[in-house]
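Below is one structure, written out as structure tokens, with a few remarks after it.
The values are calculated or read from the model by the stated rules, or taken from the named source; none is laboratory data. Keep in mind the model is a prediction, meaning the values are calculated, not measured. Using ideal geometry, Cβ is built from the backbone for each residue, glycine included, and neighbour counts are taken over all protein chains shown. What goes into the accessible areas is simple: the full protein's heavy atoms, side chains included, and nothing from ligands, DNA or RNA. Shrake-Rupley method; radii C 1.70, N 1.55, O 1.52, S 1.80 Å.
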Amino acid sequence: MRRVGPLLVERRITPPRSAVIGVSALAVVIALLVAAIIFWGYGVSPWQAYAAIARGTVGSRDGINEILRRSLPLILCGVGLTLAFRAQFWNIGAEGQLLAGAVAATGVALFAPLPGPWLLLAMFAAGFLAGGAWGIVPALLRAKLHVNEVISTLMMNYIMIYIVEWLIHGPWKGATMRGFAYSDFFPAAARLPWIPGSRVHWPTLVIGVAAAVAVALILARTRLGYEIRVVGQSTDAARYAGIDFLRVIAWAMFLSGGLAALAGVGEVAGVHFRLRSPTHISMGYGYTAIIVAWLARGSPLAAVFTALLFGLIFAAGDVIKVALRMPFQITGVFNGLILFFLIGSEMLMYWRVRLAPKGERWTGRAGSSER
Amino acid sequence: MRLVRLVAAVMVATAVLGAVGFAQAKLKVGFIYVGPIGDYGWSHAHNLGRLIVERDLGVETVYVESVPEGEVETYIDQLVRQGCNVIFTTSFGFMDGTLAAAQRYPNVIFAHCSGFKRAPNLATYMADFYQVYYLNGLMAGALTKTGKVGYVGAFPIPEVKRHISAFTIGVREVNPNATVHVRWIYEWFNPAAAKEATEALIAEGCDVFAFTEDSPTVVQVAAEKGFPSFGHYSPMYDFAPNHVVSGQIVHWEEIYVDFLGKVKAGEYTAKNLANVDYWWLLSQKAVELGAKSGMPVNPVFEGALKAYIVDHPVFGRISVYDLVFVRLAQMGNPGITFDPFEGPVYDRKGGLQVPAGHWMSYDALITMEWAVEGVVGPWPGEP
């Protein structure tokens with residue numbers, strides 16, 4: 001405990017929900033204020049800017065659809081990552097796992113002669129398995145050979161990116177694409193339906209929310225979830241308790257990779273209807289999802305909301321770019337400011353500030369809990 | 001009688017006012033770019049065209065840069081909502097999204113760059129470089145001492161393949177044993193990869209360079225080692241004034257001004273564009289040969305090119321310098337009398353692709369997957 005003027009500052013181990021939400025909201029407000037100065041400096045009235053952003057996002061049906069559409073891949077990737085992160089397994093590979101799902105779904109869509117709805121089901125199933133398999137590899141490397149998973153998951157992204165490039169320039173290059181690097185279009189049965197009047201492929205949304213609930217249940221109510229949490233707290237304790245480290249992280253990564261892959265299936269079956277350049281299938285969703293999961297503090301249900309927050313940030317960026325006609329770099333500055341303040345404010349949640357009671361004396365560094 | 005005159009006067013006045021009113025229904029033109037306007041390549045060049053349109057035609061323009069291919073429809077929606085009545089989409093990957101949007105907004109005029117799908121309110125346009133690449137090839141063939149010319153290619157798609165083949169035809173017209181060595185980088189904009197590819201080509205023995213990539217990297221890396229090169233897309237003379245021989249420069253404004261002029265005049269409407277396809281080359285001034293605009297050949301290389309005399313089957317003994325300008329005149333003036341792919345042209349596997357006396361059709365050009373003799377290196381999708 002420490003006295004600063006009339007205030008007492010105290011460190012706490014786990015911040016209460018009110019502190020998390022309060023501090024985060026304050027951080028966003030401060031970021032918006034700083035962004036307002038930039039808008040003003042660029043010659044755009046901040047009031048007009050935020051009015052336009054509100055109209056183009058939360059203030060209209062089109063805007064809300066846009067937020068949903070931009071958050072779809074982030075929900076699935078983010079929920080999947082919370083599972084890996086709870087086991088303290090730093091999966092930086094959601095991008096590659098997402099692309100693995102896109103590849104598997106494309107293979108099924110183009111080459112499997114399945115009727116009607118079975119085709120889409122098979123695409124999601126194949127995608128899940130492919131992403132899960134892609135996710136298990138770094139888990140095995142870590143458990144058997146002590147390979148740092150941050151490096152291996154990150155590197156495997158590039159392998160998958162080049163596999164996609166190879167497929168669209170090589171064996172899967174579409175006969176109807178006049179030599180350009182795209183696969184052929186999927187048949188109609190392999191395309192996801194949209195919410196009418198929007199481009200929101202709603203089955204992916206349903207799957208994403210269901211996945212969040214399922215992962216929350218796994219973590220809270222199953223033996224696997226318990227083991228994941230124990231491994232995340234302490235691998236030594238887990239070993240002492242007889243928990244099979246390999247089995248636990250392999251499962252966590254199978255599910256984590258599989259969920260990211262479902263996002264990839266959603267992108268090719270709901271947006272592109274073909275395999276195309278990896279940078280256009282995923283605009284860094286797998287990396288953005290890391291922040292989604294991190295801001296959600298490992299809670300799959302909260303990840304749905306942080307994913308929606310990012311959908312909102314992206315949609316706002318589009319408004320800045322198109323309606324306000326600022327250079328596209330401003331979008332990056334805007335997004336960056338929000339993240340900077342959100343992440344930078346995190347330490348504040350761990351400090352409790354209150355008025356010191358009258359007469360209480362400064363007692364030196366007795367409570368040496370401060371860092 | 002008086003009444004008739006009055007009615008006639010009112011009718012004339014209405015018609016005149018109506019026409020004026022129509023002409024004043026201001027055009028608002030939207031441009032959607034795939035890259036940043038600061039890339040000094042494709043999107044940069046389209047944006048220069050937009051600025052000239054704004055200046056010369058006095059129309060209002062709006063642009064969106066760095067639009068991912070799958071997102072084009074969202075941005076079209078936003079531009080239409082803002083009141084754009086003409087929209088240009090400037091990447092092949094925007095094709096199907098633009099077509100879908102054209103069907104959704106039948107009263108908006110669309111034009112898509114480099115694609116092949118059209119609709120009553122969707123035209124297509126392209127300014128192509130293959131003739132210019134051929135002319136640059138003539139100069140490269142004269143300047144190489146090792147007989148190996150290096151080429152850094154972006155993607156192995158028909159457009160780039162066509163350009164490399166036209167370039168190679170030029171090289172071998174003046175230097176029949178020379179070869180063109182190709183490295184692909186699989187990016188439109190990636191200076192690091194372009195640098196690596198150029199260095200690998202230098203290690204292979206190449207001493208003259210051409211490329212398809214949206215930065216001046218190849219020019220700079222080659223110049224560091226003292227090798228000549230050809231600029232691409234934007235004028236690159238200033239990046240290495242002693243080493244840029246010539247290059248390809250685009251003038252999208254020629255197409256934009258022509259198209260929008262016809263829209264303003266009421267010639268193009270949202271109902272009659274199904275057959276409007278601009279395939280503009282040297283003779284329409286949509287592309288230009290030069291290290292920079294107005295400098296077809298860098299004077300530094302004039303002496304070397306004039307000293308390189310070939311025994312040409314058509315023109316007899318002629319310097320490469322003169323040959324370049326003869327060919328430029330043949331392709332650059334209306335009534336074109338020469339095409340780089342004039343038969344007989346064989347692919348590098350020995351198959352006859354263009355019979356003697358024939359030129360390639362437009363369809364054959366834009367779907368071209370084969371490589372001419374003299375191209376060395378991997379060629380994905382080679383038939």
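Helix B:130-143 against the longest principal axis of chain B: what's the angle in degrees, Cα atoms only, rounded to the nearest 10? Here the helix axis deviates by roughly 20 degrees. For segment A:91-157, take every pair of Cα atoms, bin their distances at 10 Å starting from 0, and report each bin as a whole percent. P(r) for segment A:91-157, in whole percents per bin: 24, 40, 23, 12, 1.
From its DSSP helices (H runs of at least four residues, each -39,500 (n - 2.57)), chain A gives a residue-normalised ellipticity at 222 nm of -22500 deg cm²/dmol.
Cα-based radius of gyration for segment A:170-285, normalised by 2.2 N^0.38 Å, reads 1.45. Our estimate of slack between B:VAL326 and B:LYS306, defined as 0.36 nm per intervening residue step minus the Cα-Cα distance, is 5.9 nm.
Pairs of Cα atoms under 8 Å, at least six residues apart: use those to get the relative contact order of chain B, whole percent. Relative contact order comes out at 16 percent. Relative contact order of segment A:71-308, taken over Cα pairs closer than 8 Å and 6 or more residues apart, is 43 percent.
Summary value for segment A:1-75: 10 percent relative contact order, contacts being C-alpha pairs under 8 angstrom separated by 6+ residues. With a cut-off of 13 Å between beta carbons, the residues surrounding A:ILE53 carry a summed charge of 0, where Lys and Arg count +1 and Asp and Glu -1.
Each 5 Å bin from 0 upward holds the following percent of the Cα-Cα pairs of segment B:235-383: 2, 7, 11, 13, 16, 18, 15, 9, 4, 3, 1, 0. Summed over all non-identical Cα pairs, the Kirkwood treatment of segment A:26-134 gives a radius of 17.4 Å. For chain B, the Cα gyration tensor yields ellipsoid semi-axes of 43, 22, 20 Å (square root of five times each eigenvalue, largest first, whole Å).
Angle, helix A:285-295 long axis vs. longest principal axis of chain A, Cα atoms, 0 to 90°, nearest 10? Taking Cα atoms only, the helix is inclined about 30 degrees. Just report the Cα centroid separation between segment B:86-156 and segment A:183-231, whole Å. Segment B:86-156 and segment A:183-231 have Cα centres spaced 39 Å from each other. Placing one equal scatterer on every Cα of segment B:52-100 and applying the Debye formula, the log10 ratio I(q)/I(0) at q = 0.14 Å⁻¹ is -0.37. The share of alpha-carbon pairs in the protein assembly as shown lying farther apart than 37 Å comes to 51%. The Cα atoms of segment B:123-206 cover 45, 30, 14 Å along the three principal axes, with the biggest extent listed first.
Charge tally for A:VAL108 (other residues, Cβ to Cβ under 14 Å; Lys, Arg +1; Asp, Glu -1): +1. Restricting the calculation to Cα atoms, every distinct pair contributes to the Kirkwood radius of segment A:103-197, found to be 15.3 Å.
Per residue, chain A exposes 46 Å² of accessible surface when a 1.4 Å probe is rolled over the protein heavy atoms with every protein chain present. Between 0 and 90 degrees, the angle of helix B:2-24 with respect to the longest Cα principal axis of chain B falls at about 30 degrees.
Only alpha carbons enter this Debye calculation for segment B:183-234, each as an equal point scatterer, and the log10 of I(q)/I(0) it gives at q = 0.13, 0.27, 0.28 Å⁻¹ is -0.24, -1.08, -1.16. The calculated FRET efficiency for B:THR146 paired with B:HIS358, based on their beta-carbon distance and R0 = 22 Å, is about 0.05.
Report, in whole Å, the centroid distance computed from the Cα atoms of segment B:223-255 and segment B:32-50. Between the Cα centres of segment B:223-255 and segment B:32-50 lies a distance of 17 Å. GNM on chain A, alpha-carbon springs under 10 angstrom: the most fluctuating residue among A:ALA35, A:ALA104, A:ALA94 is A:ALA35. Helix content alone sets the calculated 222 nm mean residue ellipticity of chain B: runs of n ≥ 4 DSSP H residues at -39500 (n - 2.57) each, divided across all residues, give -12000 deg cm²/dmol.
Averaged over the residues of A:177-187, the number of partner chain Cβ atoms lying within 10 Å of the residue Cβ comes to 5. For B:VAL29, what charge total do you get from the other residues with a beta carbon under 11 Å from its beta carbon, if Lys and Arg give +1 and Asp and Glu give -1? Once all neighbours under 11 Å are counted, the net charge is +2.
Taking the 1.4 Å solvent-accessible surface of chain B as the whole, the part contributed by carbon and sulfur is 58%. For the interface of B with A, what's the total buried accessible surface in square angstrom, probe 1.4 angstrom, rounded to the nearest hundred? For B against A, buried area totals roughly 2900 Å².
Based on a Kirkwood Rh over C-alpha pairs, give the Stokes-Einstein translational diffusion coefficient of chain A at 25 °C and viscosity 0.890 mPa s in µm²/s. The diffusion coefficient I find is 110 µm²/s.
Segment B:147-288: Rg/Rh from Cα coordinates, Kirkwood Rh? Ratio value, two decimals: 1.07.
The chymotrypsin sites (Phe, Trp or Tyr not before Pro) of segment B:171-243 include none that meets both criteria, a DSSP state outside H, G, I, E and B (loop) and at most 12 other C-beta atoms within 10 angstrom of the site's C-beta. Within the accessible area of segment A:71-308, the carbon and sulfur atoms contribute 71%, probe 1.4 Å, all protein chains present.
In terms of packing, defined here as the mean over residues of other Cβ atoms within 10 angstrom, the peptides A:136-142, A:158-164 line up highest first as A:136-142, A:158-164.
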